[in-house]
Structure formats: C-alpha cells, structure tokens
Amino acid sequence: MMLCGVELRGPVLNGSGTFDAIAARRTFGDALLDEFPFDAFVSKTITLEQRAGNPPPRLWETPAGLINSIGLPNKGLDGFLASDLPQLAELPVPLIVSVMGFTRDELAVLVERVGERDEVALLELNVSCPNVETGLVMGADPDEAARAVERVRACTQKPLIVKLTPTAQDPAAVAAAVEEAGADALSLINTLKGMAIDPGTGAPWLGARTGGLSGPAIRAVALEQVDAVARRTRIPLIGMGGIATGRDAADFLAAGASCIAVGTESFRDPAAGRRISRELQLLSRKERELSARK
Ligand code: RRO
C-alpha cells in the first residue's frame, strides 16, 4: 500500500512515543529487525532544544487505560540527528519523525532540518501534546493550526502528517483547516486529559498533576473522531486510540482510516503490532471469502 507516495508493506504503524525502537534493538538484537512489529516507524516527538521531561511519577494504570505525563523528554534536534537518527535509519521500514515546536519559527527549523535528511520518509507535526501547555494551543484552534502548517509547508518537500488533538472543540474543523493549509495526512487521536489520585496521600499521583489517557478506555472516542474527520477531509488518516486486536484495527479502517497505529498495547506486548497485522490479514481474507460466496 501507499501512504502519501511512500510504499508501505502494510497499514500498521506505532503511535509516536509508544515504542522505543533503539531500546528494543538493545534488548532483542537483530531479531527486532527480522520481526519488526510495524510497517512504518514513528519516532518519539522531538523539540528544538533538549528537554528533561516532567517530574516522576509519569505513569498511572486505569481500568482499560494508561495515563502518561512524560513531558517530551528528548535530546533536542542536534542530539536526535547525531545519535538517534542513524540508529532509526537501520529499521527495515520507512521512518516518520515527529516534531513539536513551541513557536512557528521553531517548528520551521525542525521541519527544514529533519526534512532534508534522506533517512526520513515523512514528518509528523505534533500539535497535540497534552503535557506541555503550548502543545495543545496550536492544535486546538483551526486558525492557529492552519498557520503553523502553512508556515512549515514551504520548508520541506516531504509529506507532512498532522497529529490532531482530541480535545479541540471541533477536531474535524481543525482537520479541514490543516488539509486546506497543505497537510498531506492526519493522525488521530492523541491522548485525552486525565488525572489520578495517590490512594495513600489523596494528592495527585502524577508529578505533573495531570496527564494523557490512552488505551481501550478511549477507543470509542477515537473511532467517532476518525469517522467525523473522514467525512470532512479527503487526505489519508492514520487512526489510533486503544487498538489492541485486528478487529479493533478493522473498525478504524471501516470508519475511514487508511492506516492504523498501535500504542498502549505495545507496552503490554512489544510484538502486538505484528499480531494485530496478522489478525487483520485473517479478517480481511475471511471477509473476501464471505463476499465471494454471496
Ligand atoms: O511526552 C508526552 O508527555 C506526550 C506527548 Br509529546 C504526546 O503527544 N502525547 C502524550 O500523551 N504524551
């Protein structure tokens, strides 16, 4: 299949920041490359300057979900290009690099410098991080989001995916605005805002007080947003939010996604992407057989 002119062996991606391919390579060795769980790999979001991230604790498990407040720790653009990119370039699938800027100028620098690297097939603009205030500002408003995309559109020839926030008042309006501004694809959804109380103290559990909720708990919300965005736009959608089985993946494709991404499920089982691909293939074979018999 194709995504924005890039050949993919299948439709299963990872959600940005949910699978550390460099750590997995250290743990599993070259077996990771032989049995890579995804058909394209999306990096953790990077910023221009390096960041330490939010204070711990950073994770809380809920019934059918996970709340994270990681806070974008990363080596910054120079550190990423020097030490992460060469390792990610060894993965056997196309590479998508996720970037976030605190201003449009910052975003422009990131897009230009990442986009000029041959190892990078596509870029994802994360205008939806729930754990840093300005992450949500750009993505929550159709005009702000469109201005950001217009600005960076001129900075690279590579396809631009925009990661939408589910907490916009009208995510489909943001989607339509960024499509108009030159986005080549959309990915959705990022996490929903959530919080947890430390049962021992009654104080907020997470070091940053609040975080982003992911996992099966948000699947129905994600499916509705994919459906709403699909009906307002024509560019390819990468659907995600609690996908844990081939059946879940098929539901997102039925709602209008071209690709799907696995996130929280990979924390439980790092090979989940491969299993979901297999289950999806079996399901579509069964559906073809059924329709041939009709
Ligand atoms: O790093 C994070 O805390 C984070 C990011 Br950038 C994001 O986009 N979504 C999320 O749930 N966490």
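Values in this text are rule-based calculations from the coordinates and carry no lab data. What you are looking at is a predicted structure, and each value in this text was computed from that prediction instead of being measured. Because the Cβ atoms are built from the backbone with ideal geometry, glycine has one as well, and the counts that use them run over all protein chains shown.
Taking only the C-alpha atoms of region 105-169, the Rg (one decimal) and the largest Cα-Cα distance, Dmax (whole number), read 11.8, 37 Å.
Suppose R0 equals 41 Å; then what is the FRET efficiency for A52 and L290 from their Cβ-Cβ distance, rounded to the nearest 0.05? In this case the efficiency is close to 0.15.
Taking 24 Å as the straight-line reach from the Cα of K294, the lysines in range (excluding those fewer than 8 positions away in the same chain) are K286. Listed by chain and number, the lysines whose alpha-carbon sits under 22 Å from that of K75, ignoring those within fewer than 8 places in the same chain, are K44, K163. Taking every Cα-Cα distance in the chain and sorting them into 5 Å bins from zero, the calculated P(r) comes out as 1, 6, 13, 17, 20, 18, 14, 7, 3, 1, 1, 0, 0 percent.
Of the beta bridges in the chain, as assigned by DSSP with both residues counted there, near 35 percent are antiparallel.
Express the relative contact order of the chain as a whole percentage, based on alpha carbon pairs under 8 Å and six or more residues apart in sequence. Intermediate values should be presented prior to the final figure.
Details: 648 pairs, mean separation 55.5, N = 294.
Here the relative contact order equals 19 percent.
Can you compute the helix-only [θ] at 222 nm over the chain? Use -39500 (n - 2.57) per DSSP H run of at least 4 residues, normalise by all residues, nearest 500 deg cm²/dmol. Calculated from helices alone, the mean residue ellipticity at 222 nm is -11000 deg cm²/dmol.
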